[in-house]
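Working notes, beginning with the structure itself.
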């Protein structure tokens, strides 16, 4: 391994480990939250962030694929959608566990829950679609068009549909300036560190995943010829 | 001068696609029949299943949901034909040669739009009669049907073009289309509910128009990549 | 007594974390192994 790679991995490991420790020991529990349940925030929020980052990245890579027809962008899009789904599921599960504590129910169709489940359905369909197209070039092209379509639909999924429901129990600790739940400065520091760590972790996973996809494709091409 | 004639040429070509689609459609009446029959039988089934509850005030907030689900599922049953048929009969190749992809998309969009509006004209009055529903704000009601029908048609046209080149077209069409149409569906239901009750809507119809515009522009941008191998 | 999943105590958060990180670790580990194997085969 190159020394820079090692350094990067060390930094990722350190920031995440530190974030975990600080989440438990340094950050105070938030007001109006039951027990210690607010500590899940330091994992739930970065996961949701990484998941949306991954989907945006997949859309951008798809547009670039359509422009250049460079296979690398197809691998990037596929990798990002896969990782986005994993982090999206993790964000949903942590959110749902927290909802059980706070709202006494795992699932109550809060607008945030509805939009994330829809986004996950949309990107699950991406893989369903891929496997339904036999010809390789067509599969890449059509999947790219679909993921690019995601960039168009996502804003409606996340901003308009929740507004219609008219209510949400979901706290908005980052986007909302008028906080119902006070974000204490120590909490904000830990959240920032954790988000950075998760983002770097995602980038590393993404690089690995792209490499894996390239290798898998090379193997399949070899076994066919 | 030349841009004007280019535009006229574009219109002529997309008009030709639209006219061709309607000619084949009127010959077999496949899409029209399947859409209308599907919508009608669902409508009857739902009204029967609701029974007297359907016309009680209890059901009032639910009726817009049922109406849009009927329209949505009828659309998923009939609209993919626009492209699937071309691929199955191998006429897609000829169509690819006939004009620029944007003109083909415009023509297909026109066909899906006219089909959707025809479906709404057939089904909605029947639905209103069968469920004893009378919108307090008919203007908003019609505007909602038009704006949301447009989004339904635009989304379906693009997704149909994608699905036509895959296996398992029918199921896949619904799987790809439904998640992207849900925001539209939610807005449609909210607006229809407001039109029925006469209360101010929680969404603006401009948001639906924004959705329509985005999906249409996205369709025109993405369609050339979907259409041309 | 309430089951441990609904109390929102420290143990609950720690358990959730343990599961998540074990899962992510396994994911990375398996991916790494797959890559190593494929690179050897090439």
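A short reminder: the numbers here are calculations on the coordinates, not readings from a lab. Everything quoted here is computed from the prediction, not taken from an experiment. Methodologically, a virtual Cβ is constructed for each residue, glycine included, from the backbone with ideal geometry; neighbour enumeration extends over all protein chains shown.
Summary table
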quantity: Mean separation of Cα contacts under 8 Å, 6 or more apart, over the residue count of region B:1-99: relative contact order %; calculated: 36 percent
quantity: Percentage relative contact order, chain A, counting C-alpha pairs under 8 Å, at least six apart; calculated: 32 percent
quantity: Percent of Cα pairs exceeding the 12 Å cut-off, where the set is region B:187-229; calculated: 64 percent
quantity: Label-point gap, in nm, between residue B:91 and residue B:117 - each point 7 angstrom along Cα→Cβ; calculated: 2.3 nm
quantity: With Cα atoms, 0 to 90° folded angle of helix A:185-224 axis to chain A main axis; calculated: 20 degrees
quantity: At q = 0.11, 0.18 Å⁻¹, base-10 log of I(q)/I(0) for region B:20-141 (Debye sum, equal scatterers on each alpha carbon); calculated: -0.47, -0.93
quantity: Exercise: per-residue mean of other protein chain Cβ atoms within 10 Å, A:56-67; calculated: 1
quantity: Hydrodynamic radius of chain B per Kirkwood, over alpha carbon pairs, in Å; calculated: 18.4 Å
quantity: Exercise: per-residue mean of other protein chain Cβ atoms within 10 Å, C:9-20; calculated: 5
quantity: In degrees, nearest ten, helix B:2-28 long axis to first principal axis of chain B (Cα); calculated: 60 degrees
quantity: Fewest-first sequence of A:126, B:30 by Cβ atoms within 10 Å of each Cβ; calculated: B:30, A:126
quantity: Average partner coverage of C:28-41, which counts Cβ from other chains inside 10 Å; calculated: 3
quantity: Rounded if a/c under 1.5, otherwise prolate or oblate - region B:5-71, Cα gyration tensor axes; calculated: oblate
quantity: Separation between Cα centres of region B:124-175 and region A:47-98, rounded to whole Å; calculated: 29 Å
quantity: Kirkwood estimate for chain A, i.e. one over the average of 1/r between Cα atoms, Å; calculated: 19.1 Å
quantity: Calculated FRET value between residue B:128 and residue A:136, using beta carbons and R₀ = 35 Å, to 0.05; calculated: 0.10
quantity: Between 0 and 90°, nearest 10: helix A:111-132 axis offset from chain A longest Cα axis; calculated: 10 degrees
quantity: Reference-scaled alpha-carbon Rg (2.2 N^0.38 Å with N residues) for region B:70-201; calculated: 1.17
quantity: Footprinting exposure proxy for B:48, A:1 (fewest neighbouring C-beta atoms within 10 Å first); calculated: A:1, B:48
quantity: Residue exposure sequence - C:34, C:40, B:108 - by fewest surrounding Cβ within 10 Å; calculated: C:40, C:34, B:108
quantity: Kirkwood hydrodynamic radius of region A:9-87, from inverse mean 1/r over distinct Cα pairs, in Å; calculated: 14.7 Å
quantity: Average Cα contact separation per residue, region A:1-134, under 8 Å, 6 or more apart, as relative contact order %; calculated: 20 percent
quantity: Convex hull volume of the protein assembly as shown per residue (C-alpha atoms, cubic angstrom); calculated: 199 Å³
